[in-house]
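Read through the structure below, which is laid out as structure tokens, and then see the notes.
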Amino acid sequence: MKTVEELTFTDDFMFGKVMKDEKICKGVIERLLHIKIDHLELITLQKDISPYYETRGVRYDVYVKDSDKVYEIEMQNQRYTEIEKRTRYYQSMLDVDMLAKGANIKELKESFIIFICKTAPFKLGEPCYETKTVFKNHPEKIFDDKTRRIFYNASAYKKETDPELYAFLHFVSTYIPEDDFTGKIFSLVEKNKQDEKFRSEYMRCNLHDYDIMEEAKTEAKLEAARNMLADNIPESTIAKYTALPLETIEQLAAEHQSVTK
């Protein structure tokens, strides 16, 4: 867990707080997509979408809507495997969320899944990648389902020829502002670090995340202990290698015996 003083724009909590500023969020989208936006209707941070009780949900870093488009923006500080399938899942959840609110299929908004990556997502050396679907026998014809998936590789910012996008990707990669816009982001980041409300929220979020991680670690240890009991490994050995109290292992052993009787 980083201290507040160590945070930069690309850290998850700070990224969300800065993007909550409509002018900053609007400017980021305009630079990434080379478009002009009149206004934004909604900016939601850490938006959870879980359409059904049984389904695995998704949490978006920044979810934005305007009159006819939705934008889902992710900041990636490390390279994830299966990033292609990750964007596929994010896209499906966007569509289900829109339809779950009563929209007709023809009313689905044009959607953008945008990944801003500090490291190369595909190791091809380009600053930007956009996927598209075409007809196999007619590659010149785009299958236009109004979905766009775009990936930015900030580490390749030197290849970007657009001055505004260059400055933004350079800032993401180095945390050094080079123009007025990235200077405003930098100033807002530093201002947040001094804000007591922000600092309190960040610490509370850290504690919450820490508790979740500790719960996950404990559950993993318990599952490992159950598996070792099933293999008839001595309880003292299980306690040694899982770092669980012997009393916990004995309780698990009793539960295991009651199930197998």
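The values are calculated or read from the model by the stated rules, or taken from the named source; none is laboratory data. No experiment lies behind these values; they were computed from the predicted model shown. Using ideal geometry, Cβ is built from the backbone for each residue, glycine included, and neighbour counts are taken over all protein chains shown.
Please verify whether Thr161 is under 30 Å from Leu33 (Cα atoms), under 24 Å from the mean Cα position of the chain (by Cα) and polar (S, T, N, Q), treating the condition exactly as stated. Break it down into steps so the answer makes sense when it comes.
Values: under 30 Å from Leu33 (Cα atoms): yes; under 24 Å from the mean Cα position of the chain (by Cα): no; polar (S, T, N, Q): yes.
Judged against the criteria, Thr161 is not a match.
I'd like to check something: does the stretch 34-42 contain any residue that is farther than 20 Å from Glu160 by Cβ, in contact with a strand residue (DSSP E or B) (Cβ under 7 Å, 6 or more places away or on another chain) and outside any loop (DSSP other than H, G, I, E, B)?
There is at least one residue in the stretch 34-42 that is farther than 20 Å from Glu160 by Cβ, in contact with a strand residue (DSSP E or B) (Cβ under 7 Å, 6 or more places away or on another chain) and outside any loop (DSSP other than H, G, I, E, B).
Test each condition in (1) of a type outside the set (Phe, Trp, Tyr); (2) in a helix (DSSP H, G or I); (3) at pLDDT below 95 for Gly125 and report the one that comes out false.
Every condition holds for Gly125 apart from (2).
Go through the stretch 161-239 and tell me which helices (runs of 4 or more DSSP H), entirely inside it, have 2 or more residues that are aliphatic (A, V, I, L, M) and modelled with pLDDT under 95.
Numbers: elements: 163-174, 180-194, 196-230.
Qualifying helices (runs of 4 or more DSSP H): 196-230.
How many of the residues making up the stretch 214-261 are among the hydroxyl-bearing types (Ser, Thr, Tyr) and under 30 Å from Met1 (Cβ atoms)? It would help to see each step written out before you state the result.
So the first thing to find is which residues in the stretch 214-261 are among the hydroxyl-bearing types (Ser, Thr, Tyr), and the list is 218, 236-237, 241-242, 248, 258, 260.
Applying the additional criterion that residues be under 30 Å from Met1 (Cβ atoms) yields 218, 241-242, 248.
Count: 4.
Do we have Ile43 as touching a Phe, Trp or Tyr at 6+ places or on another chain (Cβ under 8 Å), modelled with pLDDT under 90 and aliphatic (A, V, I, L, M) here?
Details: touching a Phe, Trp or Tyr at 6+ places or on another chain (Cβ under 8 Å): yes; modelled with pLDDT under 90: yes; aliphatic (A, V, I, L, M): yes.
Yes: the conditions hold for Ile43.
So is Ile73 within 21 Å of Lys26 (Cβ to Cβ), assigned by TED's automatic domain parsing to the domain that holds Leu188 and touching a helix residue (DSSP H, G or I) at 6+ places or on another chain (Cβ under 8 Å) or not?
Values: within 21 Å of Lys26 (Cβ to Cβ): yes; assigned by TED's automatic domain parsing to the domain that holds Leu188: yes; touching a helix residue (DSSP H, G or I) at 6+ places or on another chain (Cβ under 8 Å): yes.
Considered against the rule, which asks whether it is within 21 Å of Lys26 (Cβ to Cβ), assigned by TED's automatic domain parsing to the domain that holds Leu188 and touching a helix residue (DSSP H, G or I) at 6+ places or on another chain (Cβ under 8 Å), Ile73 comes out as yes.
In the stretch 14-46, what residues are closer than 20 Å to Phe151 by Cβ and either of a type in the set (Lys, Arg) or surrounded by 13 or more Cβ atoms within 10 Å (Cβ to Cβ) (or both)? Give the derivation first.
First, the residues of the stretch 14-46 that are closer than 20 Å to Phe151 by Cβ: 15-16, 19, 25, 27-35.
Phe15, Gly16, Met19, Cys25, Gly27, Val28, Ile29, Glu30, Arg31, Leu32, Leu33 - these are the residues of the stretch 14-46 that are closer than 20 Å to Phe151 by Cβ and either of a type in the set (Lys, Arg) or surrounded by 13 or more Cβ atoms within 10 Å (Cβ to Cβ) (or both).
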